[in-house]
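What follows is a single structure, written as structure tokens, with notes after it.
Every number in this text was worked out from the coordinates using simple rules, so none of it is lab data. Because the structure is predicted, anything quoted here is derived from the model rather than measured. Don't worry about glycine lacking a Cβ; one is built from the backbone with ideal geometry, like all the others, and counts go over all protein chains shown.
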Amino acid sequence: MRETTGAPDDARTDLVTEARAVLDENWLGRWTRPSPRLYPHQWSWDAGFVAMGYAWVDERRAEEEVRSLFRGQWADGLVPHIVFAEEGDYFPGPDFWRAERAAGAPVRPRTSGIVQPPVHATAVLRLARRRRHGGRARAFLDEVFPRLAAWHAYLHRERVRHEDGLAEIWHPWESGMDNSPLWDGPLGRLPTGRTPAYERADLRHADPSERPTQAEYDRYVDLVALFRDLGYDPARIREATPFAVQDVLFNSILVQADLDLAAIAREIGADPGPFEAWARTTARGIERKLWNEGLGIYLDHDVRADHPIPVRTAAAYAPLFPGVPSSARARAMAEDLVLRMAVEVDGGWAVPSFGLDEPGFLPTNYWRGPIWFNVNWLLYQGLRRYGFDTHAADLRRGLVGLVRRSGFHEHYDPTDGAGHGARRFAWTAALLLDLLLDGEP
Ligand code: 2M8
């Protein structure tokens, strides 16, 4: 293996060992919690990222992580954003969601009733490609393929309202970027004063200045209560939800996952055609509807207001990940990303969730400024896919540098590289393993 971080070999070995220790601390026997206190359950896209890390160091855990998540899958294919542990100090917990009363939801394990970005087929394909034991790899693909196919069918059937092939999210939590400034407009239109009484658990385990505001949380809870009252019926929610957004990040991840599901189908002798067709349609939708020529980035579309959300976040560059833009456009976007968004870290750079010059940028508040590992990992994969190797190498150096300097945090302050949010955070460890062990661009 080539040395790629500019650090001595033993320094990298230490990071790999430490990353594995973080995953070990969060492994609960069948799945991995995102972090020790703040997040005591299994989250959907966390599970996908975590499986990508385990793929390098513990294939059985990678499989078990995915299998555990899909134990929470609903009959209509929905993969819930949380699969609840038997206990855990978290709000909203299973007694608030009451998802098991919905048609087709499992009684055990208990789950939430919304989704997160579908990184799972991508994780499964990456695992399959790293497997040393061909026979077992094939058995696992056979096992999960129908589950993945049902999940993607749910998204393309229930979440795509228009001819444009773009999936909708109905809750900020479905984006994974909970309090991103992207949602200020759509959330601002929600009626207030109807929130049921509740007590936040996150503030017991985190610095309140790093978490969403009370007003934001009230809106999150309002939407959950609405969906619960609608029996989590997608047809009724589609009609009634005041929050409906065609999100760039979600749809970019979906296109890649459709392509990866097609590759899985080919591996096991199934028909890749339907998945390729979905990928094409959604990619076309991103290109035609979400590209904004004036700003030179892709913008989310607010379905209820029927207008683009003119906010530049790291996610605006996510279509690089599945290779949606032409190479000329991708080159311009990559230059723009470096010039406009990137911050220097340890001889490289990284991308904050929200630009430092944007009004409302907050360096340590969750998705309103901090650097997040998963979004940066997606951008890194995008830069590599287009062959922008110098940029990719610099981004990789910045990300590794952040962890070396500050440890395995949930997110990092782009003004000084300090770690914030939960400590010993699982996807930071898992994706660092992937960056270190996958070799140099
Ligand atoms: C955060 O979201 C949850 C709600 O789903 C929360 O704040 O309690 C987000 O960062 C999300 O992307 C992530 O999957 C989750 C667990 O790490 O935490």
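Would you look at the GNM of the chain, springs on alpha carbons closer than 10 Å, and say which of L259, L230, L378 moves the most?
Looking only at L259, L230, L378, the largest GNM fluctuation is found for L230.
Defining a contact as two alpha carbons under 8 Å apart and six or more residues distant in sequence, what relative contact order in percent does the chain show?
18
So who's got an amide H within less than 5 Å of the one on V160, skipping anything under 5 residues away but keeping other chains? H placed 1.01 Å off N, in plane.
Hits under the 5 Å cutoff: E168.
Are there trypsin sites (Lys or Arg not before Pro) in segment 162-234 that DSSP marks as loop and that have at most 13 other Cβ atoms within 10 Å, and which are they?
R189, R194
Taking H as built 1.01 Å from N, whose amide H comes closer than 5 Å to the amide H of R424, not counting residues under 5 places away?
Here the answer is F408, since their amide H atoms fall under 5 Å of that of R424.
What shape does the chain have by the C-alpha gyration tensor, where a ≥ b ≥ c are the square roots of the eigenvalues, rounded means a/c under 1.5, and otherwise prolate means a/b greater than b/c and oblate the rest?
Note, shape of the chain comes out rounded.
Quick one: if you take sqrt(5λ) for each eigenvalue of the C-alpha gyration tensor of segment 96-202, what semi-axes come out, biggest first, whole angstrom?
Those come to 33, 18, 15 Å.
Please order R404, R312 by the number of other Cβ within 10 Å, starting at the fewest.
Ascending Cβ contact count within 10 Å gives the list R404, R312.
How high is the relative contact order of segment 38-144, in percent, with contacts defined as C-alpha pairs under 8 Å that are six or more residues apart?
33
Test of understanding: given the chain, find the longest segment containing no GluC sites (Glu not before Pro) that are in a DSSP loop and have at most 14 other Cβ atoms within 10 Å.
No qualifying site falls inside 294-441, the longest such stretch.
Could you work out the mean projected area of the convex hull around the alpha carbons of segment 283-416, in square nanometres to one decimal?
Reported value for the Cα convex hull: 8.1 nm².
Tell me, what HN-Hα J-couplings in whole Hz come from the Karplus equation 6.51 cos²θ - 1.76 cosθ + 1.60 at θ = phi - 60° for each residue of segment 237-252, using x for Gly and Pro?
Calculated HN-Hα couplings, in order: 5, 4, 6, 9, 5, x, 10, 8, 9, 8, 9, 4, 5, 4, 6, 5 Hz.
Quick one: if the Förster radius is 35 Å, what FRET efficiency do E25 and E100 give, using the C-beta to C-beta distance and rounding to 0.05?
Calculated value: 0.70.
Determine ³J(HN,Hα), in whole Hz, for all residues of segment 195-204 in sequence, where each value follows from phi through the Karplus function 6.51 cos²θ - 1.76 cosθ + 1.60 and θ = phi - 60°; x replaces Gly and Pro.
In residue order, the calculated couplings are 5, x, 5, 7, 10, 6, 8, 4, 6, 6 Hz.
Using helices alone, I'd like the mean residue ellipticity at 222 nm for the chain: each DSSP H run of four-plus residues gives -39500 (n - 2.57), total over residue count, nearest 500.
Helices in the chain give a 222 nm mean residue ellipticity of -14500 deg cm²/dmol.
Taking Cα centroids, how far is segment 373-398 from segment 126-185 in Å?
22
Residue by residue through segment 63-76, which ³J(HN,Hα) values in whole Hz follow from phi under the Karplus form 6.51 cos²θ - 1.76 cosθ + 1.60 (θ = phi - 60°), with glycine and proline marked x?
Listing the rounded values in order: 4, 5, 4, 5, 4, 4, 4, 6, 5, x, 5, 8, 4, 7 Hz.
Which FRET efficiency value, to the nearest 0.05, do you get for D10 and H307 by plugging their Cβ-Cβ distance into 1/(1 + (r/R0)^6) with R0 = 41 Å?
The formula returns an efficiency of 0.15 here.
Can you give the FRET efficiency for R189 and H162, using 1/(1 + (r/R0)^6), R0 = 30 Å, r = Cβ-Cβ distance, to the nearest 0.05?
Efficiency, from the Cβ-Cβ distance: 0.90.
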